[in-house]
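Working notes, structure below.
Taken together, the values in this text are just the output of simple stated rules run on the coordinates, not laboratory data. Model, not experiment: these values are computed from the prediction. A quick note on method: Cβ atoms are made from the backbone with ideal geometry, for glycine too, and the neighbour counts reach across all protein chains shown.
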Amino acid sequence: MIGLFLQRIVQGAMVVLAMSLIVFVAVYAIGDPVELLVPGEATQATRDAVTRTLGLDQPLYRQYLLFLKSAATGNFGNSFVFNIPAIQLIMQRLPATMELALTAMMLAVFIGVPLGLVAGRKPHAWYSRAIMAGSILGFSLPTFWVGLVLILVFGVLLSWFPVFGRGSTVSVLGIETSLLTLDGLSHLFLPALNLALFKISLLTRLTRAGVREAAPQDYVRFARAMGVPPARILFSHILRNITIPIITVIGIEFGSVIAFAVVTESIFNWPGMGKLIIDSINILDRPVIVAYLLVVVILFVVINLVVDLLYAAADPRVRLGENRR
Amino acid sequence: MSVIAARPSAPIEHTWRLRFAAIREFALEFGASPTAVVSLAALLVLVVGAVFAPVISPQNPYDLAKLSILDSRLPPGTESAEGYIHWLGTDGMGRDLLSAILYGLRISLIVGISSVVVALSIGLILGLAAAYIGGRADAALMRLVDLQMSFPPILVALVLLALLGRGVDKTVIALVAVQWAYYARTVRASALVEREREYVEAAKGMRLGHWRILTRHLLPNCLPPVFVVGTVQISHAITLEATLSFLGIGLPETRPSLGLLIANGYQYLLGGNYWISLCPGFALLALVLSINLVADRLRDMLNPALAK
């Protein structure tokens, strides 16, 4: 277990290092980094100063080490627009994105898994077919388009939910959250549902496939022969056995939810880091873009690490396989 | 149909009849699913509409001289100044929405399909080579594929477009970068299986060249699964392009794709001019859904486990 842990940490560190190299090459080595880092209206004197500070007269590997050093201390320069450190700007927006992503994932689990259980138990019933047709629709509908329809229907036509921003927030341990106010929750619902839709479809299909695979197996037939009620077979026998793939997918998909938050945040004006990166790209706020990239890479590496460990903890086969080696 | 390449050359007329029979059988099997047939028909209508957009559409949406701001935001069914009817209304710039959608479909399809073709070719070459050569080259390529696939496509595309800037060529580059790994992995997986088959052994025994074995024996037998992945990927590529364009970092304003049309209509949505955003949205939806359903059918047909 510890060996696996160390191995994964080293792998993760390698990925972060590789990505930092790619970002470095893309932003600093291709094109003139001074052009990228200095606002257009800067004077020649400023340009020279920046060139010197960046150490552009030094060989490329020295430049990369310099970049690594400043990145390691969280120094990506100041945002051109907000004039505060880029990393600080992203950290301010991180809680809003996490809140949205977590809520979306919860919705996906609590809607998708039950739907999948229902559809898997009676695969040929009309409601199961309807659920599966709905899941194809959920896969095919582009996230941004669903967002628009949600805004149109629930925000404009029915006026049930607000469709703009985050609502009122409460500060818990220094982190602003809208989970604890009614206004905040009503602002959160539509964007979270929008973000969750794709994952609901995914979990529905996954759960259904798991149930169908488990149904003809001996332990299920045995339980049925013993007269265990069908609901109990479904929830305590089958569900327990398909939990592992579901947990894995939830972990893997959490990263993709954070990535897709970019779309949802832009539509619902949710003040998270996804909206920040789109705004930054549109106004070429390079320090923020670079900082965002590395923060997201680290986030992904951590998520993948946690998923791997959870997987090992949940499935004895993985754990034992590692020990035997 | 997957053994054609291994068969010794038959008389020409005989092969033709075989091919025809195979195609007929394929069509009949495909037609067994009504959903798939309807989807294919819808897809054909959309593709024909896109290809013949200049002929069908009542107005050239790129001709700025023809546009008048006075015609903007007319509801569907309004008669235009030139006598034809705006069946889907007009957008914020006074463009006939039906024409804009047909041209938008065209751009979306061109970007989607070309990115798939390029990415598929790259994945095909790399995947085949990795499986055939094996060893370090294979391991290195698969690490790269793993690394790429641990990041969601939208994030990779976003990053690339953030660094490259917006444009048709750049969007295609970003979409190719997102997709190639899927094909490389699929091709490698099937090539690894095919490599061990007798016909490859026989070809090696006949001392055919590596190139010949790769292109004439392995390649044709690795194609079916990768084509299925490719069909699904066209719809993914189109959705991703629409999303990126909607966010304002994909295609340029001058050639609006469906995503950009939806984005342009978004600002009028809250004011009640819903059709400007909804109509291109439905077009996009029909396109993506029909491709997905056709691809679903193809996948089921090529998967022997599901065939019964």
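When each of B:26, A:198, A:139 is scored by the number of other beta-carbon atoms lying within 10 Å, the sequence from fewest to most is B:26, A:139, A:198.
Inter-part distance, the range B:202-265 to the range A:262-284, computed on C-alpha centroids, equals 28 Å. Counting neighbouring beta carbons within 10 Å and listing from fewest to most, the residues A:105, A:98 come out as A:98, A:105. All other residues with a Cβ under 13 Å from the Cβ of residue B:141 taken together, and with Lys, Arg as +1 and Asp, Glu as -1, what is their net charge? Combined, the nearby Lys, Arg, Asp and Glu give +2.
From most to least packed by mean Cβ count within 10 Å, the peptides A:11-18, B:113-120 give B:113-120, A:11-18.
Considering only the Cα atoms of the range A:97-153, their convex hull presents on average a projected area of 4.7 nm². Taking all Cα-Cα distances within the range B:146-250, those exceeding 22 Å account for 46%.
Going from the residue with the fewest nearby Cβ atoms within 10 Å to the one with the most, B:236, A:124, B:210 rank A:124, B:210, B:236.
Direction-averaged projected area, Cα convex hull, the range B:181-308: 11.3 nm², rounded to one decimal. The orientation-averaged shadow of the Cα convex hull for the range A:212-297, equal to a quarter of the hull surface, comes to 8.1 nm².
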